[in-house]
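**Student:** Quick one: the structure is below, questions incoming.
A short reminder: the numbers here are calculations on the coordinates, not readings from a lab. Since the structure is predicted, the reported quantities are computational estimates derived from the model, not experimental observations. Note: ideal-geometry Cβ built from the backbone for every residue, glycine included; neighbour counts use all protein chains shown.
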Amino acid sequence: MKRIGWLLAAALFSASGVAQAETVQCKGLTFKAVTVEGVRDDGFEFQNKLIVVLNGQCGGKTYMHAGLNHPAFDGFLAIALAVKEGKKTVNIAVNTSKQTERSNQIAYIELGD
């Protein structure tokens with residue numbers, strides 16, 4: 001009976017691990033577009049966000065976002081513009097737990113090689 005209890009507990013813990021979100025790291029990407037959206041009358045999902053469109057995917061999506069009130073917003077925007085303007089590669093991480101239908105939340109951005 002004890003063994004069944006342990007098997008049940010192990011099954012529950014492994015099943016919950018599948019449902020949890022994670023921070024996904026991606027390297028060597030470039031940006032297609034960098035946009036900052038303000039308040040919109042149509043309630044578009046990207047209002048009040050920095051939006052970065054990738055040439056590729058990270059965390060299963062090509063769009064990344066950060067809220068305009070995010071503590072790292074200024075840094076994210078500065079690096080995103082440098083990457084886009086200088087046609088540089090970037091290493092990024094996204095939080096898949098903080099997503100919209102089309103985008104993952106930016107966790108960090110750093111200039112690549």
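**Student:** Take Asn69 and decide whether it is of a type outside the set (D, E, K, R), over 14 Å from the mean Cα position of the chain (by Cα), exposed (fewer than 15 other Cβ atoms within 10 Å of the Cβ) and at positive phi.
**Tutor:** Criteria not met by Asn69.
**Student:** Considering only residues of segment 31-59 that are among the small types (Gly, Ala, Ser) and on the phi > 0 side of the Ramachandran plot, which is surrounded by the fewest Cβ atoms within 10 Å (Cβ to Cβ)?
**Tutor:** Across segment 31-59, the extreme among qualifying residues is Gly43.
**Student:** Another question about this same structure. Condition first: farther than 16 Å from Ile79 by Cβ and crowded, with 18+ Cβ neighbours inside 10 Å. Now tell me which residues in segment 97-113 satisfy that.
**Tutor:** Those that are farther than 16 Å from Ile79 by Cβ and crowded, with 18+ Cβ neighbours inside 10 Å: Gln99, Ser103, Asn104.
**Student:** Which of the residues spanning segment 24-40 are assigned to a loop (DSSP other than H, G, I, E, B) and aliphatic (A, V, I, L, M)?
**Tutor:** Val39
**Student:** In addition: Tell me, which strands (runs of 3 or more DSSP E) lie completely within segment 41-113 with 2 or more residues that are polar (S, T, N, Q)?
**Tutor:** The strands (runs of 3 or more DSSP E) meeting that bar are 49-58, 90-99, 103-111.
**Student:** Let me ask something else. Among the residues of segment 37-56, count how many are closer than 13 Å to Arg102 by Cβ and either hydroxyl-bearing (Ser, Thr, Tyr) or in contact (Cβ under 8 Å) with a residue 12 or more places away in the chain (or both).
**Tutor:** 8
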